[in-house]
Every structure is written in structure tokens, then in C-alpha cells.
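The values are calculated or read from the model by the stated rules, or taken from the named source; none is laboratory data. All of these numbers come straight from a predicted model, not from anything done at the bench. FYI the Cβ positions are ideal-geometry reconstructions off the backbone, even for glycines, and counts take in every protein chain you see. These area figures cover heavy atoms from the full protein model, side chains too; ligands, DNA and RNA do not enter into them. Shrake-Rupley method; radii C 1.70, N 1.55, O 1.52, S 1.80 Å.
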Amino acid sequence: MAGEKLKAPRGTFDVLPGDGERRRALALEADRILGDAGYGVVETPIFEHTDLFARGVGETTDIVQKEMFTFEDMGGRSLTLRPEGTAPTVRAYLEHGMQKWPQPVKLRYNGAFFRHEAPQAGRYRQFTQIGAEAIGSDDPSLDAEIIVLLAELLADVNGLRLRIGSLGMPETRREYSDELRAYLKQHESELSDEVRARIDANPLRAFDSDHRGTQAVMQNAPRLLDRIAPDDAEHFAEVRALLDAAGVSYEVDPTLVRGLDYYTRTVFEFTSDALGAQSGVAGGGRYDGLVKQLGGPPTPGVGWAAGVERILLAAGSGDHWRHPMLFIAIPKPERRKTAFRFARDSRRKGVPHELGDAGRSLKGQLKRADQLGAEWTVIVEDAGFTLKHMESGDQQTVETADEVLESVLESAVAESQQ
Ligand code: HAM
């Protein structure tokens, strides 16, 4: 309706300045950490064939069963807004013949993902993940490397905890699932309706339940970690030894299950006590069967994704707004041209600056410089300039623009050396 104010859809959000700068800073940090470790940038489409997620993430998962934004294109093909990045990255790996590149292929991404979940603090329908995947090696050092890199990225997160586990191989999991099903059936009356309905399809998810009765039953349930094959146990021991060597602390959690079906062997999750119910900051693990499942040759892989919004929620705030170093005040409209040339010179010298509004009084412009947190204000005079240090109020007369910019830059250098 005309005139009616529109809002962003439920579960989405706008990023505003300040927060935007924090997101950029985090993205740059991820670029530095992962780029330095040899993870190249990969970008995949925002939407994919629905089948990719059905086959990749798993038909019985919450994500595929109830959280995907799926639509038909004009040709009647089913497409889905990507709910996660691992299946698309593996698709791209296969589609572009990356199995012929030197292995493992290390990739990183940063982008928007979509899940139709009930929105609450830290849980959105469009959210941002930074992710890393190493495809083509099953060496435990890769599991450890990728966890160490993630720990570094999360260094500023308050109340951070790392839990790790191992799911072994699918054969072990199948046998174990039968054992767990039998156990759950013995305790059926104590379980939540949701868990009971899924005993046959996905019994492991019972470990994830927040239902009291179910949790009590799960306390004494058989544990997959006690059933994994000797070489999987050895692999897990090696991952732990490497994490110990790197000084990363963790808890082994035999009940750790993840919401995606492709995992084998190592799984891990970082949570933050600073967050509420949505405490998962980042998670990942090994997926040695996924490449084959998506039509490729048997190829192991390991990776993680971290939620940008949750990292920033748990990292606390802080002033990330970029304040201008110099505010250019124009007391009279006829001095606009001089001010414009001055702004051009500032740009060329790399001095962050903001131009005043010549239509406003000098007092009003100085007030704005103050509000912006400018360090200096230069007042454009008929001849020359007045340079004012905002905090101390000290003023000096300067003849040329070059001199103004030099003294501003010199003070910045002096300050950074303090
Ligand atoms: P995931 O655990 O489903 O794993 O998601 C990873 C992170 O994305 C979560 O820890 C959380 O921070 C964030 N996240 C997930 N859903 C939401 C939401 N609705 N709102 C806000 N943040 C959210 C994966 O996606 C796997 N692809 C990770 C992986 C990569 N495993 C191997 N390689």
C-alpha cells in the first residue's frame, strides 16, 4: 500500500555503520589467517539445485526437512538458497576438476546463507558464515590445523569453549545406530515426541535434544566414541595430540552430534558462554564420504564454518567506526573551491577527512566535527588555513594545504609510535 512503511523480512537484518566496520575487520582477519595458511578464495552461487543439499546434507536432517528456502524456477527446476557451504564447495571441487590439482585443495569462503528457522537473538534466516575446507587428504594434521586456525579467528570471543568428538566411519555408525535405536525403544515413554518420531530415521539426534526426560535417558545411552574402529580411534588420538602440542584446550564430548549427515571421524564445535540459547559460534568436522556421495571418486575432506553474527555478538562491542582524521570547515560558501582542492589533496595523501557543509555556520560545522570524533579541524580562510586540534583546542595558522597535511600526518605517526 502506498505510504506504508516496509520492514526487512522477519529473521533478516540490516548492517549499519559501526557494525559494518566490525564485520569488515573480522572478514579481513579471516583473510589474513586463512590466506596465510594457503586457503584460496572460493565463491559459489547463492542458489543451487535442491538435490545438492538433499544428497549432501542429508534427507533426514532438520536443515533439509524444514529449513530450506526452496523455489521453482521458470523451467520447473527446484532450486534452493544455500543453507550451508560445504556441499556447494564439494560440488565446485568436482565440477572444476580440482581432484587433479595438488591435494589437499584448501579453500575459504565468506558469504550469506539461508535457513528457515524461528528467529531469535543470534539466529536469523539470512546469516553470514566464514568457512574453510581442506579437500583431498585424511591426515589428522589437517583436522588439527583447521581447528587451530579457527581458534585463532575466534581469539576475541568471550567465554569460548571447544568440544571435539569422533563419529568413526559410516559402517560403525550404522551398527551403533541399531544399538542406540534398541536402547531408545526400551525408553520410548520417557522421550520427547520429536525424538520418538525420529528413532528410526536419525536416532543420534536424540543427544541434541533439550527435552529433560530425553536428556536423562541419554545420560546412560551407549556411546559411539566407545565403538569406533581402532584406526579411527588412532586418528582421533593423533588430532588430540596435535591440538595439545598447539596449546589449544578442548573437552572431548562423546555425545557431540552435528546437524548435518556428512560427517565422519572428527567433529567439533566452538560455543560461547556469552551467548544465550544459540551458543554455537562455529562448527565443523571431517566428511570423508561426501565427495563420493556427490558423484566423485572417494576423497576425504575436513572443514568448518563460523557464524559472523554470533562471533560479533560474543566478542562484545568496541568502537570500530572510522573517525575522520581531519574535518574541513568552510566558513563562507565562496571558499568551497579551495576546500574541494584541499579534500583532493587529503585523498591523495591518504588522510581520512570529511568536508563541512558551507551553508552552515562555522559553529555548526565545528559541532559536527566534534560529533564525528575528528582529531583535527582545518578552517579554510581567505588566505591560508587555521588548524585546530579538537581535543586540546590548540590552534595555529598555516599557509599552505601541504603544510597542514604534513603536520596532521606527522602527529599521526608520532601518536602511533607512543
Ligand atoms: P553449522 O554448524 O550448521 O555447520 O553452521 C556453522 C555456524 O553457522 C554455526 O556455528 C553458527 O555460528 C552459524 N549459523 C548456523 N545457522 C545460523 C542461523 N540460523 N543464524 C545465525 N547463525 C547461524 C555448517 O554449516 C557446516 N557447513 C560447517 C562445515 C564446514 N563442516 C565442514 N565444513
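Got a number for residues in the stretch 79-127 being open to solvent by 40 Å² or more (accessible area, probe 1.4 Å) and more than 29 Å from Leu312 (Cα to Cα)?
Number of matching residues: 9.
Select from the stretch 40-53 the residues that are surrounded by 19 or more Cβ atoms within 10 Å (Cβ to Cβ) and either out of contact with any Pro (no Cβ under 8 Å at 6 or more places or on another chain) or outside the structural domain of Lys292 (by TED's automatic domain parsing) (or both) and list them in ascending order.
The answer is Val42, and nothing else.
Can you find a residue in the stretch 57-75 that is crowded, with 21+ Cβ neighbours inside 10 Å and under 25 Å from Ile33 (Cβ atoms)?
No, the stretch 57-75 contains no residue that is crowded, with 21+ Cβ neighbours inside 10 Å and under 25 Å from Ile33 (Cβ atoms).
Tell me, yes or no, whether the stretch 157-177 has at least one residue that is on the phi > 0 side of the Ramachandran plot and of a type outside the set (A, V, I, L, M). Please lay out each step first, then the result.
Quick first cut of the stretch 157-177, residues on the phi > 0 side of the Ramachandran plot only: 159, 168.
Then keep just the ones that are of a type outside the set (A, V, I, L, M); that gives 159, 168.
Within the stretch 157-177, one or more residues are on the phi > 0 side of the Ramachandran plot and of a type outside the set (A, V, I, L, M).
With Arg22, Arg32, Arg82 as the choices, which residue is assigned by TED's automatic domain parsing to the domain that holds Gly303 and modelled with pLDDT under 95? Spell out the reasoning first.
Working: Arg32 fails: modelled with pLDDT under 95; Arg82 fails: modelled with pLDDT under 95.
The conditions single out Arg22.
Quick one: is Glu171 more than 30 Å from the chain's Cα centre (by Cα) and open to solvent by 70 Å² or more (accessible area, probe 1.4 Å)?
Values: more than 30 Å from the chain's Cα centre (by Cα): yes; open to solvent by 70 Å² or more (accessible area, probe 1.4 Å): yes.
So Glu171 fits the description; yes.
Can you pull out every residue in the stretch 62-92 that is touching a residue at least 60 places away in the same chain (Cβ under 8 Å) and within 12 Å of the ligand (Cβ to nearest atom)?
Taking the stretch 62-92 and keeping what is touching a residue at least 60 places away in the same chain (Cβ under 8 Å), we get 62-63, 84-87, 89-91.
Scanning the stretch 62-92 gives Asp62, Ile63, Glu84, Gly85, Thr86, Ala87, Thr89, Val90.
Among the residues of the stretch 380-406, which ones are under 43 Å from the mean Cα position of the chain (by Cα) and part of a strand (DSSP E or B)?
Listed by number, the residues that qualify are Leu387, Lys388, His389.
Being open to solvent by 60 Å² or more (accessible area, probe 1.4 Å) and either at positive phi or of a type outside the set (A, V, I, L, M, F, W, C) (or both) is the filter here, so list the residues in the stretch 401-417 that pass it.
Within the stretch 401-417, Asp402, Glu403, Glu406, Glu410, Glu415, Ser416, Gln417 meet the criteria.
What helices (runs of 4 or more DSSP H) completely inside the stretch 223-327 contain at least 3 residues that are within 10 Å of the ligand (Cβ to nearest atom) and in contact (Cβ under 8 Å) with a residue 24 or more places away in the chain? Talk me through it step by step, then tell me what you get.
Details: elements: 230-246, 290-293, 308-314.
The qualifying helices (runs of 4 or more DSSP H) are 308-314.
Consider Glu188 carefully, then state whether it is surrounded by fewer than 19 Cβ atoms within 10 Å (Cβ to Cβ), in contact (Cβ under 8 Å) with a residue 40 or more places away in the chain and in contact with a helix residue (DSSP H, G or I) (Cβ under 9 Å, 6 or more places away or on another chain).
Details: surrounded by fewer than 19 Cβ atoms within 10 Å (Cβ to Cβ): yes; in contact (Cβ under 8 Å) with a residue 40 or more places away in the chain: no; in contact with a helix residue (DSSP H, G or I) (Cβ under 9 Å, 6 or more places away or on another chain): yes.
No.
So, in the stretch 244-269, how many residues would count as being open to solvent by 20 Å² or more (accessible area, probe 1.4 Å) and either of a type in the set (Phe, Trp, Tyr) or over 18 Å from Ala132 (Cβ atoms) (or both)?
12
Give just the number: which of (1) of a type outside the set (Val, Ile, Thr); (2) more than 23 Å from Glu415 (Cα to Cα); (3) within 40 Å of the chain's Cα centre (by Cα); (4) surrounded by fewer than 17 Cβ atoms within 10 Å (Cβ to Cβ) does Leu372 not satisfy?
Evaluating Leu372 over (1) of a type outside the set (Val, Ile, Thr); (2) more than 23 Å from Glu415 (Cα to Cα); (3) within 40 Å of the chain's Cα centre (by Cα); (4) surrounded by fewer than 17 Cβ atoms within 10 Å (Cβ to Cβ) leaves (2) as the failure.
I'd like the full set of residues that are among the aliphatic types (A, V, I, L, M) and more than 8 Å from the ligand (Cβ to nearest atom), limited to the stretch 115-141.
If we filter the stretch 115-141 for residues that are among the aliphatic types (A, V, I, L, M), which is where we start, we get 118, 121, 130, 132, 134-135.
Ala118, Ala121, Ile130, Ala134, Ile135, listed by residue number.
Suppose we filter Ser407, Ser361 for residues that are over 25 Å from Glu334 (Cα atoms) and out of contact with any Asp or Glu (no Cβ under 7 Å at 6 or more places or on another chain); which single one remains? Steps first, answer last, please.
Details: Ser361 fails: over 25 Å from Glu334 (Cα atoms).
When all the criteria are applied, what remains is Ser407.
Out of curiosity, is Asn220 touching a residue at least 24 places away in the same chain (Cβ under 8 Å), at negative phi and not hydrophobic (A, V, I, L, M, F, W, C)? Give the derivation first.
Details: touching a residue at least 24 places away in the same chain (Cβ under 8 Å): no; at negative phi: yes; not hydrophobic (A, V, I, L, M, F, W, C): yes.
No.
Give the residues of the stretch 214-273 that are over 30 Å from Ala54 (Cβ atoms) and touching a Lys or Arg at 6+ places or on another chain (Cβ under 8 Å), sorted by residue number.
Once the filter is applied, which keeps residues that are over 30 Å from Ala54 (Cβ atoms) and touching a Lys or Arg at 6+ places or on another chain (Cβ under 8 Å), the stretch 214-273 yields Tyr250, Glu251, Val252, Ser272, Asp273.
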